[in-house]
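For reference, the structure discussed in these notes is given below.
The values are calculated or read from the model by the stated rules, or taken from the named source; none is laboratory data. Predicted, not measured: the structure shown is a model, and the values here were computed from it. Glycine gets a Cβ as well: all are built from the backbone with ideal geometry, and neighbour counts include every protein chain shown. Please note that ligands, DNA and RNA were not included when accessible areas were found on the heavy atoms of the full protein model with its side chains. Shrake-Rupley method; radii C 1.70, N 1.55, O 1.52, S 1.80 Å.
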Amino acid sequence: MSQQCITPFGCFELKRIPDTDKNLQAWNSADLYILNQIFEWVQEGKFDLNKAEILILNDSFGALSVALSQFSCDVYSDSFISHKATTNNIKNNCPNNLDKITLLKSTDTFSKKYDLVIFKEVKSHYFLKNEMIKVLDVLKPGALILGGIMAKNLQKNLMDMLNHVFGAAQASLTWKKARLLFVTNKVGSLNHALNTSASEDSKNSIAHFQLEDTKEIIYNLANVFSRNKLDIGTRFFLQHLPSEGNFKNIIDLGCGNGVLALKAAQTFSDASITCIDESYMAVASAKMTLETNLSLKDHDTNYIAANALSGYVSESEDLILCNPPFHQQYVVGDAIAWQMFKESKKVLRRGGELWIVGNRHLGYHSKLKKIFGNQKIIATNKKFVIIKAIKK
Ligand code: SAM
């Protein structure tokens, strides 16, 4: 469902991905607050958007990028889905502006300096900090930095982080439950210690931990799920992964740091292993995890940033392993799990198996029964359940 987003730069029909829930829209009032503020600055003659180098970070589904697409913008995100929605929404509203937008992945490095940096909140403060430290190096003198956040998500530690990185940050009054973050880069005038600690933080953005009772090292870039330790659901899943079967093509769907793919590759050493995640950082982390722990000349491995299995070849896979997400940024729900299960059925060959882990209360067994017509509980504990479904 597309809905009309009215901004000072024009009215646009915007869609989310997925766009199955009519109660969810593709933008929020923090987007509008940011656009209103920029429009006011332009009117005041603070800058000329036609001449400015603009960087947009963490645009959810493209509301900011579409509105500003008549100017040249770099659109930086860790989310394949966000980039895809941004491209779709520009195509649908102002196709002539497509070539003015450059999509930058969170794993890319910046190659120019910016006059205006606009950022939206993200759930992981650690990731936001990592982004802000990168931004510090690419600001032109006098660059304006403007953030937008829903008021309920504004925590003191976020302001502390922005103050720590840039030297000064202030939140606006609340408008329609959103607040603006005015950030001033004073680092030039700050002491050497801050500069040193900022660059140390940036260097350390790749966390790793050793898998229990093994020598394996699991790598996690800044925005990866459970980046400092093995997730408890994943730990339970690792204890019950399939140990036999004629699996030649295996997918780790929503691979995160790639720990499930690693174990599958070790068990089924002839199989081709594909790691898929919508987070660019997750895909890069999975690659690091597998390359570090496997002798890759013996393995056929692929790493893909994608929205679940959209566009994947039907009836091609033998085994899909999945620990599905239960939220998309701040929105909690099972829409993506449903999508993953349905697309798995399409992509599995007959006799192929989907194995999943989930919280018991999420009722995944009934979803799998509905989609596959069968399901088998492999293991349960107090919190989690592992289920397999076979494509008949
Ligand atoms: N497999 C890892 C593990 O067990 O530790 C990570 C599981 S985590 C619960 C779910 C993963 O799904 C996250 O890495 C998230 O980025 C990814 N994800 C969320 N939505 C997705 C989508 N639409 N397509 C592909 N991956 C997605």
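Among Gly352, Gly363, Gly147, which one shows the biggest mean-square fluctuation in a GNM of the chain, springs joining Cα atoms closer than 10 Å?
Gly363
Taking Lys105 as the anchor, which aspartates and glutamates have their alpha carbon closer than 16 Å to its alpha carbon, excluding any fewer than eight residues away along the same chain?
Asp59, Asp74, Asp78, Glu131, Asp277, Glu278
For the stretch 301-392, rounded, prolate or oblate, judged on the Cα gyration tensor with a ≥ b ≥ c (square roots of eigenvalues), a/c < 1.5 rounded, else prolate if a/b > b/c? Can you show the working numbers first?
Details: a/c = 1.76, a/b = 1.15, b/c = 1.54.
Here the stretch 301-392 falls in the oblate category.
Given charges of +1 on the Cβ of Lys and Arg and -1 on the Cβ of Asp and Glu, with all other atoms neutral, how large is the dipole of the stretch 1-99 about its Cα centre, in debye to the nearest 20?
On the way: 7 positive and 12 negative charges, 54 e Å.
Around 260 debye, computed over the stretch 1-99.
Quick one: which of Lys263/Lys382; Lys345/Lys388; Lys229/Lys287 span more than 21 angstrom between C-alpha atoms?
Numbers: Lys263/Lys382 24 Å; Lys345/Lys388 12 Å; Lys229/Lys287 18 Å.
From the list (Lys263/Lys382; Lys345/Lys388; Lys229/Lys287), the Cα-Cα distance tops 21 Å for Lys263/Lys382.
Could you report the stretch 224-324's accessible area per residue, 1.4 Å probe, as an integer in Å²?
On the way: 3890 Å² over 101 residues.
Accessible area per residue: 38 Å².
May I ask which residue of Ser106, Ile38, Ala63 lies farthest towards the positive end of the charge dipole of the stretch 3-203, with charges of +1 (Lys, Arg) and -1 (Asp, Glu) on Cβ and the Cα centre as origin?
The listed residue farthest towards the positive side: Ala63.
With a 1.4 Å probe and every protein chain left in place, tell me how much accessible area Val347 has, in Å² to the nearest 10.
Solvent-accessible area, nearest 10 Å²: 0 Å².
Taking Cβ-Cβ under 4.7 Å as the only way to count a partner, pick out the unpartnered cysteines of the chain.
Cysteines lacking a close Cβ partner in the chain: Cys5, Cys11, Cys73, Cys94, Cys322.
Nearest 20 debye, what's the magnitude of the dipole of the chain about its Cα centre given +1 on Lys and Arg Cβ and -1 on Asp and Glu Cβ? It would help to have the intermediate numbers written out before the result.
Details: 46 positive and 38 negative charges, 237 e Å.
Dipole of the chain, to the nearest 20 debye: 1140 debye.
Which residue fluctuates the most in the chain, going by a Gaussian network model with Cα springs under 10 Å, if the choices are Ala379, Ala178, Ala63?
Among Ala379, Ala178, Ala63, the largest mean-square fluctuation in the Gaussian network model of the chain belongs to Ala379.
Between Leu362 and Asn163, what is 0.36 nm times their sequence separation minus the Cα-Cα distance? Round to one decimal in nm. Don't jump to the answer; show the numbers that get you there.
Numbers: separation 199, 0.36 × 199 = 71.64 nm, distance 3.97 nm.
That pair, Leu362 and Asn163, stretches by 67.7 nm at full extension.
Summarise the accessible area of the stretch 87-142 (1.4 Å probe, protein heavy atoms) by the percent that is carbon and sulfur.
Numbers: 1280 of 2670 Å².
That share works out to 48 percent.
Considering only the chain, what is the antiparallel percent among its DSSP beta bridges, to the nearest 5? The partial results should precede the final answer.
Details: 35 of 74 bridges.
Percentage antiparallel, nearest 5: 45.
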